[in-house]
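Where a number appears in this text, it was derived from the coordinates with a stated rule and is not lab data. Keep in mind it's a predicted model, so treat the numbers as computed, not measured. Reconstructed Cβ throughout: ideal geometry from the backbone, glycine too, with neighbour counts over all protein chains shown.
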Amino acid sequence: MLFEILQVALIVAISPLITGVIRKLKALLQSRRGPGIFQPYYDLYKLFRKDSVVSRNSSWIFIVTPYIYMAAMLTAALLVPVFITQSLGFAGDLIVFIYLLAMARFFMAVAALDAGSAFGGMGSSREMAISSLAEPTMLLSIFAMALIAGTTSLGDISQQLASSPGLVRPSLFLAFAAFFIATLAENARLPVDNPSTHLELTMIHEAMALEYSGKGLALMELSSMTKLVLFLAVLSNVFMPWGIATDATPMALAIGMIAILLKIGTLAAVIALIESTFSKMRLFRVPNLLTVSFTLALLAVISYYIL
Amino acid sequence: MDFSSLFVAFIILSFLGALAGAALNGRPGASRIVSFGCAGLAGLLGIGCAIGALLGGTFELSLFTGRFGTFSFSVDGLSAFFVLMISLLSLVVAIYSAGYVKEYEGKYSLGLMGFLYNMFVLSMVLVVTAHNAVLFLILWEAMSLLSYALVVYENRNKDAVKSGFIYVLMTHMGTAFIAVSFLLIAHFTGSFDFGSFVGAGASMPSVLKSAVFLMLLIGFGTKAGLIPMHIWLPYAHPAAPSNVSALMSGVMVKTAIYMLIRCSFEYLGVTDTWWGLLVLLVASISAVLGVMYALMETDIKRLLAYSTVENVGIILMAVGAAMVFKSYGLLDLAALALIAALFHALNHALFKGLLFMGAGSVLYATHTKNMERLGGLIKKMPYTAAFFFIGALSVAAIPPLNGFVSEWLIFQSLLLSSNFPEMAVKILIPLTVGMLALTGALAAACFVRAFGITFLAMPRSENAESAKEVPPTMLVGMGLAAILCVLGGVLATFIVPFIDRATAPVIGVSIASKLVYGLVLSPVVHSFSSVSPLALAGLLIVILPVVYIASNLYGGRRKTVVGDTWDCGTPLNSRMEYTGTAFSKPLSMIFSSIYRPRKQQKETLTSSPYIKRDITYNDEIEPVYEKYLYSPVARITMEVARRASAIQTGSIQAYLAYIFITLVLLLIIFR
């Protein structure tokens, strides 16, 4: 249990940093100086200290959603191996992980409708539309991983791939690519959604959190940052678990820790690069992108059988 | 203990409830208490009898032996499971009905309602226990006619009568297919007893066997609401009184699934792989299209009816997977898929029953089921809203509720398809995984919309504004169903072994010991994956207060100010809220090739083209099945009838001449 809690703590602790790094890199790529990489910590610190304003139209759903969102993220984090292939695998596998995120999304989308603002409705409607296209991709990628590793348990996939390099096949990369696109869609990143805008017509995720303030907003923000890092951790350790500790010796743990930080850092840099080079897609172009990712996932499964 | 006495007591009590309800017609209050009281008690007896039978107390009850063999009822594992499902839902719905039917007091006969309700539940229980083909068909017909009577219960409502007509037409078409296939099977076994049907497939020529299977699939598919035979379902289920909708959607469609399982696995024997693949394919299309149409509905009860089409699709996907596994002789995996199917059937009965009861409460309180006229009900009807929310979470497969656990099991059985020996089949399965995932995600979108638009934000009409919470009996019925939805998920590890007892005789192997490890479910191949709904619930329950306390400690307690929603400076009113139609617009545009939406926009201009006097906007989706499948059939039928009417002159002499000529011809031919 110790490692699981440590891993969750690590994920939550570094998630504002990763967001800060992405923002800083984007600023640099755009020839701006940008705020420091620790800025998200300061923002959260400030938000936790502020009073909240709650709409008179809203109900208990609006109040409890930030807590449930965060709790769902933490529960999901318990299932994910970070620096060691140990996690609470018995409680749930990769499918449960996806469904815990679906739980968070369900609450957030309902809460967005609660205040009665058209922005919330718009965000909620678009989020549910896009996620329903991203979910088949994620589950097919899981299917491909289940074929390759013979299990859908996150820790076991890492263990299998890390200990037997012979398992690496073309379908692994196809599944990785598919899951990566789904990650961008699920985390409201470019080219699906612009995380740094508050322009009504383009936003999805931000529109849903628009009514939140103070502690509620802080929790929503922190949860979203955690969600991104969780996805990056899954991408790192499920699809390329090299370097992860397979036993609890200090040396292996140290290597595992460095490996995961490097991998998450690299992926974050890739996201920053994508966000600086691609523009946001029109909403009704997004399905095309997600169809591409679905096809990749399907190819991943088929190529496993054929190749 | 002899559980057959409980079964007999169940039958007697149901009759008693029906007759007492009818007899007390003059006193509506007494009638509803007595008839639904009896229905509730009968439900308890049914539960007891079913649990007893599942634990090994199976029994058979013979009525008499006649021309068509022995008319008897048999409660074995599979029957008992369905009896349990029907009784459980009937119990909670009976409690709910005791309050709900007050709505009809003074408008329609409550005695009739009590009578029909009891008889309808009884007919369903007898259908899943009948042990003779002829008896089954009689009861099947009785069930159809009783439910028809309930659909047209509001007989002054033209829509209900029209819906009833479509229903009675479709269901009889289905029954015809079933009757023909039973006759064909009986031809080979020489008896109408279901006992002799077991293994009948072995002695049938394979072409005929496949033909019988296809007819059964059409026949039972019609009752279950499989696309494209589903068209009656979105009319009939919403037209019935809500308590009956709960039963029709919750359990009546399952009787068809019951018999389909029995016929394909026990009587015909699944030997051809393509049977299973066909079921899998049709079911996955049904699931995806069902939820897509649900997303476009603004009538809550029709939305729920389409969601039933979706869930029947999901259940039959698992049944199809079980058939494929069985045809390859992978019995453990077949059992896993069938357990998943039955578990989802049970869960669907509970959450769909709950949701229909919730929709009924909304209808009771606001007299409208159009969600565009609702909103803000969470403040007027807090309990109903909370229960409906739990139902919505279940149907959207949110962990750790029951819908999630059964859907997880279905995913696992599909993922384990890598064990299939044939490449073509292996490649087909990932598509169905994708479709199941799409179905799940769309269902979540659908119920975010259903709950959010109906219960949240500001009321959109006077009706919603003046809504009041429903009477306690209705709340108790919904509350029980909601608790069962939560327990069904969290305690899944205790329920699955029971289901295994129902599937073990069908498949031939018991896999409880390979599926349940203490509080963990792990499908057959132990290292493959596992889930522990109880652990997940425990984690969430522990983590939630931790998050709450931590975020309140960090930065100190802060004030919460009540204010306006951000309105960009224009005071917000209910017409500015997002509507259900707007919510599903992105999806209707993304899937426009399926919906084929038609837009009509009419503008009346003033003298200036830039200033419009008024705009009418009409947006509808094309009713594909009615237009391309059923209308042509109806047209041809009408045309043939019109042509045939040429010989119907209306004069008695002509008809006498026809009779005479026919008689002479028959005498010549058959002399």
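A few remarks follow.
- Stokes-Einstein D in µm²/s, Kirkwood radius over Cα pairs - chain B at 20 °C with 1.002 mPa s viscosity: 81 µm²/s
- Here the Gaussian network model covers chain A, with springs between Cα atoms less than 10 Å apart; of A:45, A:67, A:212, A:45 fluctuates the most.
- Inter-chain shielding of B:582-590 (mean C-beta neighbours from other protein chains, 10 Å cut-off): 6
- Partners for residue B:514 among aspartates and glutamates (Cα-Cα distance below 14 Å; same-chain residues under 8 apart left out): B:332, B:500
- Cα shape, the protein assembly as shown, gyration tensor, a/c 1.5 rule: prolate
- Each part reduced to its alpha carbon centroid, the range B:368-392 and the range A:121-153 end up 29 Å apart.
- Cubic angstrom per residue, convex hull over Cα atoms of the range B:174-245: 103 Å³
- Lysine-lysine proximity count for chain A, Cα under 22 Å, sequence distance 8 or more or distinct chains: 13
- For peptide A:139-145, the mean count of partner chain Cβ atoms within 10 Å of a residue's Cβ comes to 5.
- Solvent-free Debye scattering, log10 I(q)/I(0), computed from the Cα coordinates of the range B:507-550 at q = 0.34 Å⁻¹: -1.09
- Under 21 Å between alpha carbons - lysine pairs in the range B:268-387 that sit 8 or more apart or on different chains: 6
- Highest-MSF residue in chain A out of A:29, A:139, A:289 [GNM, Cα springs under 10 Å]: A:29
- Distance between the C-alpha centres of the range B:94-160 and the range B:581-613: 42 Å, rounded to the whole angstrom.
- With a 10 Å cut-off around each Cβ of B:283-296, the average count of Cβ atoms from other chains is 0.
- Relative contact order [Cα under 8 Å, 6+ residues apart], the range A:110-176, whole percent: 23 percent
- Taking a quarter of the surface of the Cα convex hull of the range A:1-81 gives a mean projected area of 7.8 nm².
- Between the range A:157-212 and the range B:1-47, the alpha-carbon center distance in angstrom: 56 Å
- Think of it as helices only: each DSSP H run of n ≥ 4 in the protein assembly as shown is worth -39500 (n - 2.57), and spread over all residues that comes to -22500 deg cm²/dmol at 222 nm.
- In plain terms, the C-alpha convex hull of chain A casts an average shadow of 15.6 nm² when viewed from every direction.
- Shape call, the range B:524-594: gyration tensor on alpha carbons, a/c limit 1.5: oblate
- Put in line by how crowded their Cβ is, counting other Cβ atoms within 10 Å and starting with the fewest, B:372, A:4, B:422, A:211 read B:422, B:372, A:4, A:211.
- Taking the number of Cβ atoms within 10 Å of each Cβ as an exposure proxy, the fewest-first ranking of B:81, B:583 is B:81, B:583.
- Proxy reagent accessibility, fewest Cβ within 10 Å first, across B:82, B:670, A:278: B:670, A:278, B:82
- Cut-off 17 Å (backbone N to label point 7 Å along Cα→Cβ of residue A:56), residues of the range B:455-499: B:457-460, B:465
- Burial ranking of peptide ranges B:436-443, B:132-139 (average Cβ count within 10 Å, highest at the top): B:436-443, B:132-139
- In the range B:249-327, one over the average inverse separation of all distinct C-alpha pairs is 13.0 Å, which is the Kirkwood hydrodynamic radius.
- Kyte-Doolittle mean at least 0.5, axial Cα span of 18 Å or more - DSSP H helices of chain A: A:2-29, A:60-78, A:94-114, A:118-149, A:170-186, A:214-234, A:250-277, A:286-306
- A Gaussian network model of chain A, with springs between Cα atoms under 10 Å, assigns the largest mean-square fluctuation among A:130, A:84, A:258 to A:258.
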